[in-house]
Amino acid sequence: MTAHPLGFAGPAHQTARTRHGWSKALHLAPDLYPGVGGKRFRANLLQQAYAFAGGRGAAPVLIADAVEMLHAGSLVIDDFEDESLNRRGQPALHRVIGPARAVNAGNWMYFRALELAAAAVEHPARSAELVGRFITVARQCHEGQAIDLATRVGEVTPRQAQVTALAISRWKTGRLASLAGWSGAHAAAGDSPTLLAVAAFGCRVGICLQMKNDLDELAELVAGSDRCDDLRNHRVTWPWAWAASELSDREFAAWQHRLRRSVGQPAAFRPLAKDLLDATRRRATATINARLDRAVERLTGATDGSRDVGPLAEVCDALRIANEPTKAGALL
């Protein structure tokens, strides 16, 4: 983690007093700073990709911080757009400082991520390549978020639910995880085939991460959590996509009708969440674990078995689900 990950431009902004002033104005929660809070999944993926591509020791901290900063900014904006109540066990930022300042802080984090990435590599051409990648991924994540915001699960066919869930996951979570893997390999000066292989691996694993996040929100709601953003906002999530493949068109339409009737407090969504979780648990487990296995297999094949994929395979282990969980909490 960098000494001052927030960073301030110009000599006049380097004193403790002015740093405090900027921090107070942005009012970023401490666990949104790079290196603090969260699961650090992308930072770990970046580190393992760095080692996979031949890097020694720790990956450049500025690049890891840049990825985490970009992710943290997206959380602030997502929470505002979803009208989320909480994030990581505390009130969402827009509830603490208001939507205008929260959006400003989230946008600031995007630009700060680019600044960190630009400072991470001295070679001009390689630095430009890294920053260009960050810009492209940030744009793609926003396009995925646009699909997420514009689509309601009650308005799609079963086939559309499956296609949309994949598109959202690929453009949002998948692209950001791909950026983490690619950036780690790029920092180690990996060759083009290695960069492509790690980027593809990151995207595949990122899709699984979104699958598990969607599943976890349902499981947590069933277990008593008040977080029901996906159901309350009628998001097209993976449990709905899996249900679409398990149910007849008529049954799927009946579940869509149940969702439209479930309004108000989280308790109103809990029965639907339980039924949706029960109906898709087995398919979710099989799908996530199989996709993780294929991601590792394809990474191995792309490198002709000449590189040790073990550390990157271990990144997948955090997303695997036991084949027969005995209760909703076992998925968490």
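The values are calculated or read from the model by the stated rules, or taken from the named source; none is laboratory data. Please read all numbers here as calculations on a predicted model, not as lab measurements. A quick note on method: Cβ atoms are made from the backbone with ideal geometry, for glycine too, and the neighbour counts reach across all protein chains shown.
Here are the numbers:
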{"read-out": "Checklist (1) in contact (Cβ under 8 Å) with a residue 60 or more places away in the chain; (2) assigned to a helix (DSSP H, G or I) applied to ALA189, failing item", "value": "(2)"}
{"read-out": "Region 275-311, residues that are assigned to a helix (DSSP H, G or I), over 29 Å from SER245 (Cβ atoms) and either among the basic types (Lys, Arg) or under 21 Å from the mean Cα position of the chain (by Cα) (or both)", "value": "PRO311"}
{"read-out": "Single residue of ALA254, ALA241 found to be assigned to a helix (DSSP H, G or I) and closer than 18 Å to PRO271 by Cα", "value": "ALA254"}
{"read-out": "Selection within region 245-271 - within 24 Å of GLN162 (Cβ to Cβ) and in contact with a Cys (Cβ under 8 Å, 6 or more places away or on another chain)", "value": "PHE269"}
{"read-out": "Meets criteria (at pLDDT 95 or above, among the charged types (D, E, K, R) and touching a Lys or Arg at 6+ places or on another chain (Cβ under 8 Å)) for ARG270", "value": "no"}
{"read-out": "From ARG298, ARG283, residue being in contact (Cβ under 8 Å) with a residue 24 or more places away in the chain, under 23 Å from PRO239 (Cα atoms), of a type in the set (D, E, K, R) and out of contact with any strand residue (DSSP E or B) (no Cβ under 6 Å at 6 or more places or on another chain)", "value": "ARG283"}
{"read-out": "All positions within region 170-194 that are surrounded by fewer than 22 Cβ atoms within 10 Å (Cβ to Cβ) and under 16 Å from ILE63 (Cα atoms)", "value": "ALA188, ALA189"}
{"read-out": "Test result for CYS203, crowded, with 24+ Cβ neighbours inside 10 Å, in a helix (DSSP H, G or I) and at pLDDT 95 or above", "value": "no"}
{"read-out": "Residue within region 108-116 that is in contact with a helix residue (DSSP H, G or I) (Cβ under 6 Å, 6 or more places away or on another chain), surrounded by fewer than 17 Cβ atoms within 10 Å (Cβ to Cβ) and without any contact (Cβ under 8 Å) to a residue 40 or more places away in the chain present", "value": "no"}
{"read-out": "Candidates GLU143, GLU122, filtered to the one that is free of Cβ contacts under 8 Å to residues at least 40 places away in the same chain, on the phi < 0 side of the Ramachandran plot and not in a helix (DSSP H, G or I)", "value": "GLU122"}
{"read-out": "Failed condition for SER245, given (1) over 23 Å from ILE321 (Cα atoms); (2) surrounded by fewer than 18 Cβ atoms within 10 Å (Cβ to Cβ)", "value": "(1)"}
